[in-house]
Each structure stands twice: as C-alpha cells, then as structure tokens.
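Colleague: Next up is a structure, given as structure tokens.
The values are calculated or read from the model by the stated rules, or taken from the named source; none is laboratory data. Predicted, not measured: the structure shown is a model, and the values here were computed from it. Cβ placement follows ideal geometry from the backbone for every residue including glycine, while neighbour counts extend to all protein chains displayed.
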Amino acid sequence: MRGHLAAAPPIVAGTRLRWTGANAPKVVLPLLAALIAAGAVVAFPELSAVACVVVWGIAAAWALPVRASICVPLSLILLLPADHIVGLNGPMLGLFVFGAAMILFLSTLLRRPFLTQLRSDWDFLLLAGVLVSTTVLQSGRGEVRGVLFWVAACMMVYWFRSEERAAASPGRQIAFAFIIAGSISSVVAIVDYIGLIASRDLLPRYAPVQLDFVQFMGLRAVGMSGHPLRLGTLAMIASLIALAWLFDGRPTGRTRSALLISLGLSLSGLILSGARGSWLGFVLGYGVLGGLHWSRAALRRIGQMVLAIAALGVLLVATGLWPIIYERLFGSAFHPGSINQRLAALESVSIIWKEVPAFGVGFGGADELTQKAGLRLPNLENEYLRLFLTAGVAGPLALLTLGARRIRTSLRSDPGPRRTAALAVIVSLFVNITTYNLFAWSCAPTLLVAAALLSQPSTPREGGKSSGKHEGRLADA
C-alpha cells in the first residue's frame, strides 16, 4: 500500500507536465479561437455571417466531383433570379453574382494559384477593362454597380480556366449547365402558363417582371429568370446546344431522350417568353447548325431540317402555341410602338453621337444624353448603342472583337458538338443583344464568359478532333 501511494505522485506530476507542455496548445488554441469567433459573431453578426457563407461555399466547391465541378455552380448562377428577389435587387443588385464568383475564385485560388493561361482570354478581359474603366471615370453620373457584374465575370474567367485542368470534359459541363438552367426555367414557365402554380410563389420574395402578350392571351412567361427577355435568351441558348449535341454528339439511349426532352422544354419556354429577339437569334443559330453540315451530308440534313420544322409547326398548332407566335409577329401583340422605340433610339444616337466623348459617358450618362436629343427611354433596347454611349467607340468595338475572334477560333477547330454549339450560341447571342440591354442582367457577363469559353478551350487539343470525339462519347454515357 505504501509503495503504491508513493508511486502515485510521480504519475500525477508527469501528467501535469505533459498538460502544461507539448499538449497545451492542442487544447488552448482551439478554445481561444472558439472564444474569439464567438465574440466576433456577437460584435459583428453580419460580417460573421458573410465569412461563414464564404467558408462553407469554398468547402462545397471543393466537395464537388470532377464531373460536376463546373456544371453545378454555373447552373445555379444562371438559374437563381437574384436580380428579382427583394433584398438582393435595388441597391444590392449584383452582389449575389459577385459573391458567388468571389467564392469560386477563392476556392480555385487556394488550390491552384498563379494561373498564367488567361492570355487566351485577352478579348474578354479587354471588353471588361474598357467598360469598368470608363464607368469608374464617369462614376459621378451613377450606375457604378455595373462594375460588379464585369469584375465578377473576370473572376469567373479565372475560375473556369483553373477548373479546366482538373474537371472532366469542361466543355460538356458548360453546355449542360446551359441546358439544365434553360430546361428548369422553361418547366416553371410552362407550369405557370398552364396555371398550376405561379412562378412568383416558388421562391420567397421573388418578384419577376411580368408583361402581357395581349389582353386576351395573358402574361408572357418569365420562368426562373425574372423577365421574359431573359427567359427567352436562356431558352434560346439551351435549345441550340441541345440541337448541337443531337447533331454531332451521336448520343444514344437515355442521353438522347434527355436531350430531346430538354429541347422540347426549352423551345416551349422560348415561345412562351414572347422574346422576338431570341426567336430571331434561334432561327439564325439554327441556320448556322445547317450550314456547318452542308458539305458533309447536305441533302440529308436539309431533309431533316424540313421535317423538324414541319413537326414543330404541327406541334405548335396541336398545343395551341401557334397563336402566341402569330400575335407576337403579326397580330395585335405586335406593337408598332416597340419598333418605333428602337428606331427612336437609333435616331437619338445619330443626333448626339458627336457629343459622346472618346471614352463615353458611363452607364449613368446615357440617359442624360438621350434626353438632350428629346428622347426619354427606360433603356436603349440595343446593347451596341448602350456600350457606345457608355465607353465610346471602344465599347462596341471590343464586344465585336470578342465575337469575331471566338467565331474564327471555332471555325478553325475540328468538327464536334462543342464547335457546333459554340458557333450557334455566339451568333445567336450577338444577334439577340441588338434587341435589348442584356448586360443590365447581373449574370449576363458571366453568361457571355461561358459562351466564349465554350468556343475556345484553353488548350488546342481540347478543341481538336480528339476532344470532339471524347465529348461525344461522354454524351453517350
């Protein structure tokens, strides 16, 4: 007993030494960090909430599998109507997309820093730089928040290019992100049009812009995009990409069925949106699809297109959607005022173009200049005119340089679904923006980035023959 009691103090003493020595930081430092974090939450609740979102967002980005590391984040950004949710619009407009882009940027910067392959995207960086710099120079005229849209898109360029290194088939993921976002938004549009549920009831505080077809035909669909023209743009792109993968991807089985379903949904959303600019863009994009296949199987492809158009016409008549198209193109819903507004915008710019400085007047100064010409418009309904007033001649030139370079790059690549989709999307998008101010949408610059990267992979091999076949096989899987 005495020996046992005598041996006890050294054990206790040894334990005390280990606690105050090497093991102490393992317990004390986490407790200290927890106390500091708890104090920060109490003292700065909003800042702490933002930090929590950023940390969990980065963790979620890291947890995504390589087959979905691009598709899932891009789909969510394109799908969620942040610009039309009360609390995220108004003074907070653009912060959602900026925050999402920052999280993705940080997630890839922490894993793969010092990316140097952005030289291939100099055309987009030039466009963003021109618009951001001119807007900052004219910050006194207002609407500086547009800078957030383009800075977010630049961060998305970095994220895209970095993720391309590790992601499985990045081009296919970008394409399918458009298809997913367009299809889901079109489903909501169809359900809303049928009257099963109102789209504004699907999300808390969702307040979409609702426009009439005509009084006896009800409202134009908005889906999850918040505005009929934005739904039309997204559905147009999704439809063309689905067609491109059906033409060149050689899908079979469930993949082919999924693409056909997506095509039907996106076309329905496109029609219900009543977006005539998107209709025109789709027609020209479809023409691009036919032109790419002219030299290989001209007669067969022409026959397929004729049959597809005939089947679409029969479907429109059978489903009762044809009156919508007729009203928007030729009927009472064809408002002469809409065309007059666009003609008035052109006329006003032709009057005041000499007064536009070399570097523009910024987004906030465009309205002031048009008022000088005796015209007051809610927007110019033409992105080329808008960029001209914003950044001078450099604005539309930078935009056209981007489009011409991406089309040229796609034409020089080997045939494949990615090439077909890229050409159709770029052509349709650059036609569509002549009809409304797309870049007032906070995620529109990011949408442009995705379309541009679809047309130009980071490495030559990814845009070549081997990549096209590889992506075709993945589409079959």
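Colleague: Can you name the residue in the range 405-434 that is crowded, with 21+ Cβ neighbours inside 10 Å, assigned to a loop (DSSP other than H, G, I, E, B) and not hydroxyl-bearing (Ser, Thr, Tyr) and is also farthest from the chain's Cα centre (by Cα) among such residues?
Modeller: That would be Gly416.
Colleague: With the checklist (1) of a type outside the set (A, V, I, L, M); (2) at pLDDT 80 or above; (3) more than 30 Å from Val209 (Cα to Cα) in hand, flag the one item Pro113 doesn't pass.
Modeller: The number of the failed condition is (2).
Colleague: For Pro81, are the conditions met, namely being closer than 30 Å to Ser183 by Cβ, surrounded by 10 or more Cβ atoms within 10 Å (Cβ to Cβ), touching a Pro at 6+ places or on another chain (Cβ under 8 Å) and modelled with pLDDT of 60 or more?
Modeller: Judged against the criteria, Pro81 is a match.
Colleague: Also, quick follow-up: Is it fair to say Pro228 is in contact with a His (Cβ under 6 Å, 6 or more places away or on another chain) and under 18 Å from Ile184 (Cα atoms)?
Modeller: In short, no.
Colleague: Mind checking whether some residue in the range 226-243 is within 17 Å of the chain's Cα centre (by Cα) and not in a helix (DSSP H, G or I)?
Modeller: Checked against the condition, which is being within 17 Å of the chain's Cα centre (by Cα) and not in a helix (DSSP H, G or I), the range 226-243 yields at least one hit.
Colleague: Would you call Arg220 in contact with a strand residue (DSSP E or B) (Cβ under 7 Å, 6 or more places away or on another chain) and modelled with pLDDT under 90?
Modeller: So Arg220 passes the test.
Colleague: Write out, first by first residue and then by second, each pair whose Cβ atoms fall under 7 Å of each other, whose residues are 6+ apart or on separate chains, and whose first residue, in the range 52-67, is among the basic types (Lys, Arg) while the second is surrounded by 12 or more Cβ atoms within 10 Å (Cβ to Cβ).
Modeller: So the pair list comes out as Arg67/Ala168.
Colleague: Separate question: Can you find, within the range 222-241, the residue that is surrounded by the fewest Cβ atoms within 10 Å (Cβ to Cβ) among those that are β-branched (Val, Ile, Thr) and within 13 Å of Ser266 (Cβ to Cβ)?
Modeller: Here the answer is Thr233.
Colleague: Turning to a different aspect of this structure: Does the range 161-189 hold any residues that are outside any helix (DSSP H, G or I) and small (Gly, Ala, Ser), and which are they?
Modeller: Ala166, Ala167, Ala168, Ser169
Colleague: I need the full set of residues from the range 160-211 which are at positive phi and out of contact with any strand residue (DSSP E or B) (no Cβ under 7 Å at 6 or more places or on another chain), in order please.
Modeller: Those that are at positive phi and out of contact with any strand residue (DSSP E or B) (no Cβ under 7 Å at 6 or more places or on another chain): Ser169, Gly195.
Colleague: Against the condition surrounded by fewer than 24 Cβ atoms within 10 Å (Cβ to Cβ), out of contact with any strand residue (DSSP E or B) (no Cβ under 7 Å at 6 or more places or on another chain) and at negative phi, how does Asn437 come out, does it pass?
Modeller: On the way: surrounded by fewer than 24 Cβ atoms within 10 Å (Cβ to Cβ): yes; out of contact with any strand residue (DSSP E or B) (no Cβ under 7 Å at 6 or more places or on another chain): yes; at negative phi: yes.
Criteria met by Asn437.
Colleague: Please work out if Ala207 is of a type in the set (Gly, Ala, Ser), surrounded by fewer than 18 Cβ atoms within 10 Å (Cβ to Cβ) and touching a His at 6+ places or on another chain (Cβ under 8 Å).
Modeller: yes
Colleague: Just a yes or no: is a residue in the range 163-182 out of contact with any helix residue (DSSP H, G or I) (no Cβ under 7 Å at 6 or more places or on another chain), within 30 Å of Val132 (Cα to Cα) and touching a residue at least 40 places away in the same chain (Cβ under 8 Å)? Explain how you work it out, then say what you get.
Modeller: Within the range 163-182, the first condition is being out of contact with any helix residue (DSSP H, G or I) (no Cβ under 7 Å at 6 or more places or on another chain), and the residues that meet it are 165-166, 168.
From what is left, the residues that are within 30 Å of Val132 (Cα to Cα) are 165.
In the following step, the residues that additionally are touching a residue at least 40 places away in the same chain (Cβ under 8 Å) were identified as 165.
Yes; the residues of the range 163-182 include at least one that is out of contact with any helix residue (DSSP H, G or I) (no Cβ under 7 Å at 6 or more places or on another chain), within 30 Å of Val132 (Cα to Cα) and touching a residue at least 40 places away in the same chain (Cβ under 8 Å).
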